[in-house]
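> Take this structure, written in structure tokens, and hold onto it; I'll ask about it next.
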Amino acid sequence: MTKLIIDGKEIDVPAEYTLLQACEAAGAEIPRFCYHERLSIAGNCRMCLVEVKGGPKPVASCAWGVRDCRPGPKGEPPEISTKSPMVKKAREGVMEFLLINHPLDCPICDQGGECDLQDQAMGYGVDSSRFAENKRAVEDKYLGALVKTSMNRCIQCTRCVRFATEVCGVPEMGATGRGEDMEITSYLETALTSELQGNLVDICPVGALTSKPYAFAARPWELGKTQSIDVMDAVGSAIRVDTRGREVMRILPRVNEAVNEEWISDKTRHIVDGLRTQRLDRPFVRENGKLRAATWAEAFSAIAAKVARTDAKKVGAIAGDLAAVEEMFALKQLLAGMGSANLATQGAAFDPAAGRASYIFNPTIAGIEEADAILIVGSNPRKEAAVLNARIRKRWRTGQLKIGVIGEKADLTYLYDYLGAGTDSLGDLAAGKNAFADILKNAKKPIVLVGAGAVSRADGVAVLAMAAKLASDFGAIKDGWNGFAVLQATASKVGALDIGFAPSAGSLSVAQMSTAGSLDLLFSLGADDVQVADGTFVVYIGTHGDRGAHRADVILPGAAYTEKSGLYVNTEGRVQMAARAAFPPGEAREDWAVIRALSDVLGHKLPYDSLAALRQAIFKAVPHLIRLDQIEAGDAGAIKTLAGRAGSVEKTAFKSSVEDFYLTNPIARASAIMAECSRLASGQMLTAAE
């Protein structure tokens, strides 16, 4: 530790701190534009100037290390001033320079009200300018469907350039020209291709980069703000949902160091228009081959009539990607009352009876930063969990992480050893026939990451057992470290397995339920990606007119994740709660309430009338779900049990469970913005000219 005196206050800080960090540790506020805690240091805006006693001029605190400060002539600690007249005058001068070319756009700028430049001009600037020359003009750039540019406002802080290069791993932005002619642009002015590009808007300290879909939609002070969590993937990123009246206007990230740091994926941020379009707002019943609008009583009586003439063993339920724990638990209890155990989610290789460690991301997302070797099996983390992929890249950039991939050869934004495409390569690695085997064996904290694509195949159980055996044999499971990591692809999966919403002995799997003749009645809880055979009576409880609704015989409109309070469990087993920010449209109701009302009509009344009572029943059955934002660690013995399971594997190559990052669920498929991003990603509309 190094001793400093900051504004007359003595403080001990680590020698590797910058002066800016030291000043903030002492409670001083340091303005900045180019400095960002998660990006490399540029030191080019000069707003963070402080005075070092004995120095001839103020220094940029973001680029000046604590270890570079000299002690006084008698060995006294270095003295730093953040409020001296020299610092005040220097900051006013810097602000005056920054505003020379900045246009007076504040009344029509989308950044207005949450703009660093506005705030710091008020706090550290002066009320007049000595410059009367014409302001420079810069042409706006095309960056794609998500980021709108107003480059006259740019102050060349280069945060966007550093973010694209360092965090996204897709170095598509840079600066051209020098001095007054310097401009920030994408190379060849093509659309950005990163799945994290929406974060550019958050880190831009002025209004140069704003959200294109949100342009001129609302002002920040008009919006109600609700803290919630994201369900577009299994990461469970912390988000803030901003609403005006009944309408969701935008989604922004919240800081959660253990999960998403402060980034969210573009799908998380920009599916907002999908929450408004193609919504199911009333029940429907199919008559003479066509769906017609119906009342709740008519829909329930149609289901009751079918149930009355259906054998319980011919009844099943499939939960979709976005289902919360509450509705899955209620549906499970309803089917149990009817005498059926046919419950499933997609990807049936996981067995809740094997133990929690067999289906969660045991090292945790933050634990990636301790790993020194990762083997990725049958997964494309960039598509399946973009924020988690950024965490892998963050660790890889330190030079302390070796990565091997078995599966698709894709651009993951970091370098890796490609070991092969399928189970043959996994077998060769397990037998030590590959150089990467030595890297895994010698690693102190290795991770074997198994993707949903590897276990959703017909031989998924055997593949999972192979991966578990490899993890056990190569020392990924030891005291203080469990490196067996399952990267689930959907938000509902871990919660479903926790409450036992999965096939048990003698019950049917998803594949069996969707084949002709196996079921007479199927309850689909937003399971749009399951193709159900003709002849099965389908009751669809969901939010959008997607594939599931088109196939349904009865549609019961439910609530989206922003319209209900619901428990979700992310891929690492962290229990989280989505909060209600708006209300469902029309006659739509919260899914658990729909199931509770239906149970009454079917003669199997569920024993709760409120969400609180339902949650009490859930917590009684599965106690660890009561501990929000905590992870109930799995028993490592479950992985050794899993490793002992035998089975034959197919020779086919592994495929990622996500083909199109932007169109993975009903909300995303209803979004025009996601459709535009999908077209751009497929290379159909790469440049502005096209």
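> Specify which of the listed residues (530, 461, 539, 494) is in a loop (DSSP other than H, G, I, E, B), β-branched (Val, Ile, Thr) and out of contact with any Leu (no Cβ under 6 Å at 6 or more places or on another chain).
530
> Here's a follow-up. Give the residues of the range 341-372 that are surrounded by fewer than 24 Cβ atoms within 10 Å (Cβ to Cβ), in contact with an Asp or Glu (Cβ under 7 Å, 6 or more places away or on another chain) and part of a loop (DSSP other than H, G, I, E, B), sorted by residue number.
The answer is 346, 355, 364.
> May I pose another question? Quick one: how many residues across the range 429-487 are under 24 Å from residue 409 (Cβ atoms), of a type in the set (Gly, Ala, Ser) and touching a residue at least 60 places away in the same chain (Cβ under 8 Å)?
Number satisfying all stated conditions: 13.
> Please work out if residue 91 is touching a Pro at 6+ places or on another chain (Cβ under 7 Å), of a type in the set (Lys, Arg) and open to solvent by 20 Å² or more (accessible area, probe 1.4 Å).
no
> Scan the range 171-193 residue by residue and report those that are in contact (Cβ under 8 Å) with a residue 40 or more places away in the chain and in contact with a helix residue (DSSP H, G or I) (Cβ under 6 Å, 6 or more places away or on another chain).
If the condition is that a residue be in contact (Cβ under 8 Å) with a residue 40 or more places away in the chain and in contact with a helix residue (DSSP H, G or I) (Cβ under 6 Å, 6 or more places away or on another chain), then 191 is the only one that fits.
> Here's something else I'd like to know. Would you mind stating whether residue 69 is open to solvent by less than 10 Å² (accessible area, probe 1.4 Å) and of a type in the set (A, V, I, L, M, F, W, C)?
no
> Next question. Any residue that is farther than 27 Å from residue 539 by Cβ, in a loop (DSSP other than H, G, I, E, B), in contact (Cβ under 8 Å) with a residue 40 or more places away in the chain and open to solvent by less than 70 Å² (accessible area, probe 1.4 Å) - is there at least one of those in the range 672-685?
Among the residues of the range 672-685, at least one is farther than 27 Å from residue 539 by Cβ, in a loop (DSSP other than H, G, I, E, B), in contact (Cβ under 8 Å) with a residue 40 or more places away in the chain and open to solvent by less than 70 Å² (accessible area, probe 1.4 Å), which makes the answer yes.
> Checking residue 240 against (1) of a type outside the set (Val, Ile, Thr); (2) assigned to a loop (DSSP other than H, G, I, E, B); (3) at pLDDT 95 or above, which test does it fail?
Among (1) of a type outside the set (Val, Ile, Thr); (2) assigned to a loop (DSSP other than H, G, I, E, B); (3) at pLDDT 95 or above, the lone unmet condition for residue 240 is (2).
> What residue, of 153, 130, is surrounded by 13 or more Cβ atoms within 10 Å (Cβ to Cβ) and either of a type in the set (D, E, K, R) or under 14 Å from residue 104 (Cα atoms) (or both)?
153
> Taking the range 178-190 as the search range and keeping residues that are more than 15 Å from residue 34 (Cβ to Cβ) and modelled with pLDDT of 90 or more, which one is most open to solvent (accessible area, probe 1.4 Å)?
My answer is 183.
> Looking at residue 623, is it under 27 Å from residue 524 (Cβ atoms) and surrounded by fewer than 12 Cβ atoms within 10 Å (Cβ to Cβ)?
no
> Suppose the filter is more than 29 Å from residue 255 (Cβ to Cβ) and within 26 Å of the chain's Cα centre (by Cα); does residue 669 pass it?
Here the answer is yes, as residue 669 does meet what is asked.
> When the range 552-576 is examined, which residues are found to be in contact with a strand residue (DSSP E or B) (Cβ under 6 Å, 6 or more places away or on another chain) and surrounded by fewer than 21 Cβ atoms within 10 Å (Cβ to Cβ)?
Answer for the range 552-576, where residues must be in contact with a strand residue (DSSP E or B) (Cβ under 6 Å, 6 or more places away or on another chain) and surrounded by fewer than 21 Cβ atoms within 10 Å (Cβ to Cβ): just 553.
> Just checking, does the range 321-337 include any residue being closer than 23 Å to residue 460 by Cα and either among the aromatic types (Phe, Trp, Tyr) or over 20 Å from the mean Cα position of the chain (by Cα) (or both)?
no
> Hey, another quick one. Filtering the range 211-230 down to residues that are over 17 Å from residue 676 (Cβ atoms) and touching a helix residue (DSSP H, G or I) at 6+ places or on another chain (Cβ under 9 Å), which residue is most open to solvent (accessible area, probe 1.4 Å)?
Checked the range 211-230; the qualifying residue most open to solvent (accessible area, probe 1.4 Å) is 216.
> While we're on this one: Go through the range 593-628 and give me each residue that's free of Cβ contacts under 8 Å to residues at least 12 places away in the same chain, polar (S, T, N, Q) and assigned to a helix (DSSP H, G or I).
616
> Can you pull out the residues in the range 373-404 that are over 17 Å from residue 452 (Cβ atoms), open to solvent by less than 40 Å² (accessible area, probe 1.4 Å) and either in contact with a strand residue (DSSP E or B) (Cβ under 7 Å, 6 or more places away or on another chain) or assigned to a strand (DSSP E or B) (or both)?
373, 401, 403, 404
> Would you confirm whether or not the range 314-335 contains a residue that is out of contact with any Asp or Glu (no Cβ under 9 Å at 6 or more places or on another chain), outside any helix (DSSP H, G or I) and either closer than 21 Å to residue 237 by Cα or open to solvent by 10 Å² or more (accessible area, probe 1.4 Å) (or both)?
Scanning the range 314-335, I find at least one residue that is out of contact with any Asp or Glu (no Cβ under 9 Å at 6 or more places or on another chain), outside any helix (DSSP H, G or I) and either closer than 21 Å to residue 237 by Cα or open to solvent by 10 Å² or more (accessible area, probe 1.4 Å) (or both), so the answer is yes.
> Continuing with this model, one more query. Within the range 12-60, how many residues turn out to be open to solvent by 60 Å² or more (accessible area, probe 1.4 Å) and either part of a loop (DSSP other than H, G, I, E, B) or small (Gly, Ala, Ser) (or both)? Steps first, please.
So in the range 12-60, the residues open to solvent by 60 Å² or more (accessible area, probe 1.4 Å) come out as 12, 16-17, 21, 24, 27, 29, 37-38, 41, 44, 46, 53-54, 56-57.
Imposing the further condition that a residue be either part of a loop (DSSP other than H, G, I, E, B) or small (Gly, Ala, Ser) (or both) reduces the set to 16-17, 27, 29, 37-38, 41, 44, 46, 53-54, 56-57.
Qualifying residue count for the region: 13.
The values are calculated or read from the model by the stated rules, or taken from the named source; none is laboratory data. Because the structure is predicted, anything quoted here is derived from the model rather than measured. Glycine also receives a Cβ, built like all others from the backbone with ideal geometry; neighbour counts cover every protein chain displayed. Each accessible area value is taken on the protein alone, full model and side chains, heavy atoms only, with ligands, DNA and RNA left out. Shrake-Rupley method; radii C 1.70, N 1.55, O 1.52, S 1.80 Å.
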